[in-house]
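Worksheet: one structure, shown below.
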Amino acid sequence: MSEPETVESPLSVLREPLPAESSEIEAATRARVLGALHAGVEGLPLARARARRRQRVASVAGATALAAAAALVIWIPAQQGAPSGPRVEAAAPAAPPALRVQQLEAPGAEADAAVWIDAAGASHALQTSSGAGLPADLRELRSEGTRVALRTAGGASVDLAPASLLALAAESKVGAEVLKLQRGEVECAVPPLGPAGRFSVHTPDARVVVHGTRFRVGFDTRTCVRVSEGLVAVHHERGVERLRAGEQWGCEQEAPERAEADRTKRKTIRARRAAESRRAKQAVSASGTLEAENALLRDALLAERSGETARSRRLFEALLKRHPDSPLATEARAGLARTRAVGESGAR
Amino acid sequence: MPSIAVSQTQGQLRLLAVARQPVRSASSDEEILAGLMAGERWAAEALYDRVHVAVRGSLRRILRGQGADYDDLMQASFERILEVLSRRGLESPYNLPAWAGAVSARVALDVLRRRVREQRIFEGDGRLGSQPIEGVDPERSVSARSEVARAQRLLSMLKPAQAEALVLHDVLGHDLKAIAELTGVSVAAAQSRLSRGRRELMRRAGKTAQRGRDGA
């Protein structure tokens, strides 16, 4: 009779025993690693002190920012009645860290044009065309009837088209700058960034990541990217497109049925992901015995590894008998087949 | 004999007295940690002697000799260990070898992911899947190479937290409680990562097998 077909875990090959290493190799590694380790350990107290100082500074800065935001929230409503005060549109909830803008200009601003900025939880019209009085924590820009040019702390030049809405954020990763284009068009010139540097433009349906280039991103009902210089990666739901100078993505006029098909596809994908997520949650909550199953599998594998074939076989059998529908059953069956094979070859 | 005294106050390890002393293989994990925090040279050696087997074991199990320069990776693992200690220290109770093994598993997984990013696995530049596999019968070597490369590729495709939980449990043999302590999450979260990781691994394994059959 033939053995039932089993599906073995792809990781089982990594569990195979390792050969012993020669003592010469170990001694050489020890000498080499210890050389660097001594220096690292001697610098550890200083590094610890620095890390603690950074934590303290971060806590103080956080508390100060919170206090400043609270003060502003109290101050702005008090100013609303004043005739010459800034125009308040809405208070915003706590936001992620702001991207630092060094310079902002709206050269074409006319009397009927305005740049709306959102900073420290409130938005108001920028009264000047030169960017004077620009808040340090600028979070959102809305250009109405004028272009806006700004330069980020990382050196990127950003040109925002009229009637555009742009959120600015800094990622937790040092040196990463993110522009979130909700509407309109933005043109960016990014200088070559260091290894840690990253600049990206996010739209509702794509992420454009660059390293030193000039490109334009627009969003109306879908994203359109045009690259003038360098290389740009566009991450979208169907994968990643790498665009070189002169290339574009998503800008062609699409037939309405194609756009509709895309929308339907996006909806289907979202629905499928939601269903998968629901099923995964149900599976986790339904498998109350998973810990016991894990323990049985672990003990069986440890016994197998240490050469206790009979015990390992008993444990695999127990797992399959007690929990036949376990997600670990496949692996247990594979283990059982292995231990039986060892037992048979031993008997021969 | 000079000694180190430590006291536990509200979860903080407080160093009361430190004196230079020779490497003692019998130093406890607490003593080694206190020595490290004080920048003592003997503590570096004691740390190495206490954890090098676990560190090397994790690296060798995950990378299986495929283009790995273990000396460099050992050094990278110890640098990562010191970096974590400098940032946040460790919480009692300590299990230095297990913790260091988990840190080096993370280093090895990073190496795998970096290689996939560089497309070395797929384009066969000699880093993975084409070099001898340590601990494997030479007669099985060819099939073992492809099995190891497949396992590594699958691991590199998983979410880092899931890959870490799978490696700690299925390859290094830690139980859920230990995984939770080593990765700083609750047991329920560790269990969830493990079961999702396993499901995802099998799903991807099935997909690649199907692709292989279609290609053939």
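The values are calculated or read from the model by the stated rules, or taken from the named source; none is laboratory data. This structure is a prediction, so every number in the text was calculated from the model and none was measured. A quick note on method: Cβ atoms are made from the backbone with ideal geometry, for glycine too, and the neighbour counts reach across all protein chains shown.
When segment A:302-313 is examined, which residues are found to be within 38 Å of the chain's Cα centre (by Cα) and either buried (at least 18 other Cβ atoms within 10 Å of the Cβ) or farther than 16 Å from residue B:169 by Cβ (or both)? Answer for segment A:302-313, where residues must be within 38 Å of the chain's Cα centre (by Cα) and either buried (at least 18 other Cβ atoms within 10 Å of the Cβ) or farther than 16 Å from residue B:169 by Cβ (or both): there is none. Can you tell me which residues in segment B:42-64 are of a type in the set (Gly, Ala, Ser), within 9 Å of chain A (Cβ to nearest Cβ) and over 9 Å from the mean Cα position of the chain (by Cα)? Those that are of a type in the set (Gly, Ala, Ser), within 9 Å of chain A (Cβ to nearest Cβ) and over 9 Å from the mean Cα position of the chain (by Cα): B:43, B:44.
One line per residue, one yes/no per condition, for (1) assigned to a helix (DSSP H, G or I); (2) more than 14 Å from chain B (Cβ to nearest Cβ); (3) modelled with pLDDT of 85 or more:
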| residue | (1), (2), (3) |
| --- | --- |
| A:280 | yes, no, no |
| A:284 | yes, no, no |
| A:326 | no, no, no |
| A:333 | yes, no, yes |
| A:337 | yes, yes, yes |
| A:342 | yes, yes, no |
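Taking into account only those residues within segment A:18-32 that are loosely packed, with under 11 Cβ neighbours inside 10 Å and of a type outside the set (A, V, I, L, M, F, W, C), which is nearest to residue B:173 (Cα to Cα)? If you could, list the steps in order and put the result at the bottom.
First, the residues of segment A:18-32 that are loosely packed, with under 11 Cβ neighbours inside 10 Å: A:19-20, A:22-24, A:27, A:31.
Add one more test, that the residue is of a type outside the set (A, V, I, L, M, F, W, C), and what stays is A:19, A:22-24.
Working: A:19: 18, A:22: 25, A:23: 26, A:24: 28 Å.
Going through the qualifying residues, I end up with A:19.
Restricting the first residue to segment A:264-277 and requiring it to be closer than 17 Å to residue A:236 by Cβ, which pairs with a second residue that is aromatic (Phe, Trp, Tyr) and modelled with pLDDT of 75 or more meet a Cβ separation below 8 Å and a spacing of at least six or different chains? Nothing qualifies. Note on segment B:68-88: among residues that are buried (at least 16 other Cβ atoms within 10 Å of the Cβ) and either more than 7 Å from chain A (Cβ to nearest Cβ) or within 20 Å of residue A:14 (Cβ to Cβ) (or both), the one that is modelled with the lowest pLDDT is B:68.
Scanning segment A:211-242 for residues that are of a type in the set (S, T, N, Q), touching a strand residue (DSSP E or B) at 6+ places or on another chain (Cβ under 6 Å) and surrounded by fewer than 19 Cβ atoms within 10 Å (Cβ to Cβ) yields a total of 1.
Could you tell me which residue of segment B:165-201 is farthest from residue A:298 (Cα to Cα), considering only residues that are surrounded by fewer than 19 Cβ atoms within 10 Å (Cβ to Cβ) and at the interface with chain A (Cβ under 7 Å from one of its Cβ atoms)? My answer is B:199.
Considering segment A:201-223, and only residues there that are over 19 Å from residue A:142 (Cα atoms) and in contact with a Lys or Arg (Cβ under 8 Å, 6 or more places away or on another chain), the residue that is modelled with the lowest pLDDT turns out to be A:211. Say we look at segment B:202-216 and pick out the residues that are charged (D, E, K, R) and at pLDDT 85 or above; which of these is surrounded by the most Cβ atoms within 10 Å (Cβ to Cβ)? So, considering only residues that are charged (D, E, K, R) and at pLDDT 85 or above, the one surrounded by the most Cβ atoms within 10 Å (Cβ to Cβ) is B:204.
Quick check: is even one residue across segment A:314-321 buried (at least 20 other Cβ atoms within 10 Å of the Cβ) and over 22 Å from residue B:176 (Cβ atoms)? No.
Restricting to segment B:32-67, and then to whatever is of a type in the set (Val, Ile, Thr) and crowded, with 19+ Cβ neighbours inside 10 Å, can you tell me which residue is farthest from residue A:14 (Cα to Cα)?
From segment B:32-67, those of a type in the set (Val, Ile, Thr) are B:32, B:51, B:53, B:55, B:62; that's our starting set.
Still in the running and crowded, with 19+ Cβ neighbours inside 10 Å: B:32, B:51, B:55, B:62.
On the way: B:32: 31, B:51: 21, B:55: 15, B:62: 6 Å.
If we take residues in segment B:32-67 being of a type in the set (Val, Ile, Thr) and crowded, with 19+ Cβ neighbours inside 10 Å, then B:32 is farthest from residue A:14 (Cα to Cα).
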